[in-house]
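K.L.:
Quick one: the structure is below, and I'll ask about it shortly.
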Amino acid sequence: MEKILITGATGNVGLSTLKLLETLNYPGVEVVAAVRDIERARKIEGICNCTFCHFEFDEPSTYDKALEGVTRIVLIRPNQVSDVSKHIFPFLAKAEKLGIKHIIFISIAGAERNRIFANHRTENHFKKLSIPSTILRPSLYMQNLLTLHRQDILMHDKINIPAGQGLVNYIDVRDVAEAIVAILFNPVHENQAYDITGPEPLDFYQIAKIFSGELGREIKYARPSTIRFVRQKLKDKKQLLYVVTLSLLYSAARNGKMNYANDVFRSITGHDPRTLADFIHEYREYWIRAGVEEKPENVRKGLSRRGI
Ligand SMILES: NC(=O)c1ccc[n+]([C@@H]2O[C@H](COP(=O)([O-])OP(=O)(O)OC[C@H]3O[C@@H](n4cnc5c(N)ncnc54)[C@H](OP(=O)(O)O)[C@@H]3O)[C@@H](O)[C@H]2O)c1
């Protein structure tokens with residue numbers, strides 16, 4: 001019997017992984033969604049066969065119950081949980097004590113070189129643990145275009161990202177989930193670190209062109225400077241940590257550090273990742289103005305309804 005605990009279970013990657021495991025319905029595998037609000041999580045469509053447990057990284061009293069009988073963990077660190085020494089390492093210490101067989105940690109592209117990232121510190125911490133682990137470093141998520149950048153595209157017909165002429169290779173979180181599931185039960189992936197990307201790097205002029213073709217109106221790449229982007233986001237009352245993280249990621253893109261593709265996803269799953277053009281086509285209605293401005297929380301609910 002295997003019992004898999006998934007943290008960040010209501011977020012981008014966690015929810016996609018839960019849904020995929022539910023579809024595959026492996027015999028002898030119990031899937032546990034570690035969530036902050038069980039009642040809210042129960043209402044999400046497409047995850048009715050998993051078990052829910054109350055779990056908060058910043059509430060150590062929730063660790064023991066969440067880890068009861070668990071054999072494997074998919075560790076997704078929420079962006080808000082940045083003090084990893086205080087809120088991630090103690091959880092990992094408990095997991096180690098309990099003899100957890102394997103942890104898949106979802107990091108981010110470039111984390112191994114960028115000391116400022118909380119995921120960098122977490123990756124390094126795994127070197128000190130005896131738990132077999134796999135570090136997965138996805139490139140940027142396509143779903144950011146439905147969440148972080150949706151309002152600019154929907155309401156202002158622009159992509160407002162400070163990436164200059166840099167290229168990015170977005171990956172769909174459903175593909176990240178597929179890679180996670182493929183890694184979960186294959187010991188060959190233990191103690192490996194993988195960068196996974198979408199199929200091809202694109203710059204934001206190309207991405208704006210795909211949007212324009214799909215939506216039937218011109219979407220422009222605004223190409224703001226980093227300073228202008230930071231000022232705007234802080235004016236919009238976005239959290240400083242969020243703004244700094246985004247700026248660092250897009251600076252990496254501007255400096256050519258996200259301009260790569262590899263066939264790791266294919267070698268893990270046996271097929272190619274989804275393309276950005278297909279993704280934009282599939283979710284085009286989210287960027288079409290229907291006369292009513294949707295609030296971000298409704299977008300999130302909408303995404304859950306659509307099974308993202
Ligand atoms: N965005 C990207 O392009 C990208 C690319 C590669 C890697 N990453 C990495 O992916 C990770 C984020 O994953 P994601 O985008 O799938 O998550 P997400 O959509 O931002 O969702 C965060 C999840 O964490 C939960 N959560 C928040 N605070 C919590 C706490 N204190 N204790 C327990 N759970 C908590 C949230 O639950 P509630 O429903 O209760 O809020 C939610 O399920 C980050 O480590 C980031 O570096 C991001």
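The values are calculated or read from the model by the stated rules, or taken from the named source; none is laboratory data. Just so it is clear, the structure is predicted and the values come from calculations on it, not from any experiment. In this analysis, Cβ positions are derived from the backbone assuming ideal geometry, glycine residues included, and neighbour counts consider all displayed protein chains.
K.L.:
For V173, state whether it is modelled with pLDDT of 95 or more and either basic (K, R) or within 15 Å of the ligand (Cβ to nearest atom) (or both). Break it down stepwise before answering.
P.N.:
On the way: modelled with pLDDT of 95 or more: yes; either basic (K, R) or within 15 Å of the ligand (Cβ to nearest atom) (or both): yes.
Yes.
K.L.:
If you don't mind, another one. Taking the options H156, H102, H125, H149, name whichever one is touching a residue at least 12 places away in the same chain (Cβ under 8 Å) and in the same structural domain as S247 (by TED's automatic domain parsing). So that I can check it myself, show each step before the final result.
P.N.:
Working: H156 fails: touching a residue at least 12 places away in the same chain (Cβ under 8 Å); H102 fails: in the same structural domain as S247 (by TED's automatic domain parsing); H125 fails: in the same structural domain as S247 (by TED's automatic domain parsing).
Sole residue among the options that is touching a residue at least 12 places away in the same chain (Cβ under 8 Å) and in the same structural domain as S247 (by TED's automatic domain parsing): H149.
K.L.:
Hey, can you tell me all the residues within segment 154-178 that are surrounded by fewer than 22 Cβ atoms within 10 Å (Cβ to Cβ) and within 21 Å of S251 (Cα to Cα)?
P.N.:
Matches in segment 154-178: K158, I159, N160, G164, Q165, G166, L167.
Residue-by-condition table, conditions (1) within 24 Å of Y194 (Cβ to Cβ); (2) touching a Ser or Thr at 6+ places or on another chain (Cβ under 9 Å); (3) at pLDDT 95 or above:
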residue: S247; (1), (2), (3): no, yes, no
residue: V264; (1), (2), (3): yes, yes, yes
residue: D272; (1), (2), (3): yes, no, yes
residue: I280; (1), (2), (3): no, no, yes
residue: W287; (1), (2), (3): no, no, yes
residue: K295; (1), (2), (3): no, no, no
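K.L.:
Further, regarding this structure: Taking the condition in contact with a strand residue (DSSP E or B) (Cβ under 7 Å, 6 or more places away or on another chain) and either among the hydroxyl-bearing types (S, T, Y) or surrounded by fewer than 21 Cβ atoms within 10 Å (Cβ to Cβ) (or both), does C53 pass? Walk me through it before giving the result.
P.N.:
Working: in contact with a strand residue (DSSP E or B) (Cβ under 7 Å, 6 or more places away or on another chain): yes; either among the hydroxyl-bearing types (S, T, Y) or surrounded by fewer than 21 Cβ atoms within 10 Å (Cβ to Cβ) (or both): yes.
Taking the combined requirement at face value, the residue satisfies it.
K.L.:
Something else now. Please name all residue pairs, on different chains or six or more residues apart, with Cβ atoms under 7 Å, provided the first residue is in segment 29-42 and is more than 20 Å from E2 (Cβ to Cβ) and basic (K, R) and the second residue is surrounded by fewer than 23 Cβ atoms within 10 Å (Cβ to Cβ) and modelled with pLDDT of 95 or more.
P.N.:
R36/E56; R42/F52
K.L.:
Looking at (1) more than 9 Å from the ligand (Cβ to nearest atom); (2) out of contact with any Ser or Thr (no Cβ under 6 Å at 6 or more places or on another chain), find the lone condition where T147 falls short.
P.N.:
(1)
K.L.:
On to the next question. Got at least one residue in segment 206-221 being surrounded by 14 or more Cβ atoms within 10 Å (Cβ to Cβ), outside any strand (DSSP E or B) and either hydroxyl-bearing (S, T, Y) or in the same structural domain as I104 (by TED's automatic domain parsing) (or both)?
P.N.:
The answer is yes, given that some residue of segment 206-221 is surrounded by 14 or more Cβ atoms within 10 Å (Cβ to Cβ), outside any strand (DSSP E or B) and either hydroxyl-bearing (S, T, Y) or in the same structural domain as I104 (by TED's automatic domain parsing) (or both).
K.L.:
I've got another one for you. Return a yes/no flag: does segment 77-94 have any residue that is in contact with a strand residue (DSSP E or B) (Cβ under 6 Å, 6 or more places away or on another chain) and not assigned by TED's automatic domain parsing to the domain that holds L246. Show your work before the answer.
P.N.:
Quick first cut of segment 77-94, residues in contact with a strand residue (DSSP E or B) (Cβ under 6 Å, 6 or more places away or on another chain) only: none.
Looking for residues that are in contact with a strand residue (DSSP E or B) (Cβ under 6 Å, 6 or more places away or on another chain) and not assigned by TED's automatic domain parsing to the domain that holds L246, one finds none in segment 77-94, hence no.
K.L.:
Is at least one residue of segment 195-203 modelled with pLDDT of 95 or more and in contact with a His (Cβ under 7 Å, 6 or more places away or on another chain)? Quick ask: steps written out before the conclusion?
P.N.:
Taking segment 195-203 and keeping what is modelled with pLDDT of 95 or more, we get 195-203.
Add one more test, that the residue is in contact with a His (Cβ under 7 Å, 6 or more places away or on another chain), and what stays is none.
There is no residue in segment 195-203 that is modelled with pLDDT of 95 or more and in contact with a His (Cβ under 7 Å, 6 or more places away or on another chain).
K.L.:
Restricting attention to helices (runs of 4 or more DSSP H) lying wholly within segment 30-136, give those where 2 or more residues are away from the ligand (no atom under 12 Å from the Cβ).
P.N.:
Numbers: elements: 38-42, 63-67, 84-87, 89-97, 118-126.
Per the criteria, 63-67, 89-97, 118-126.
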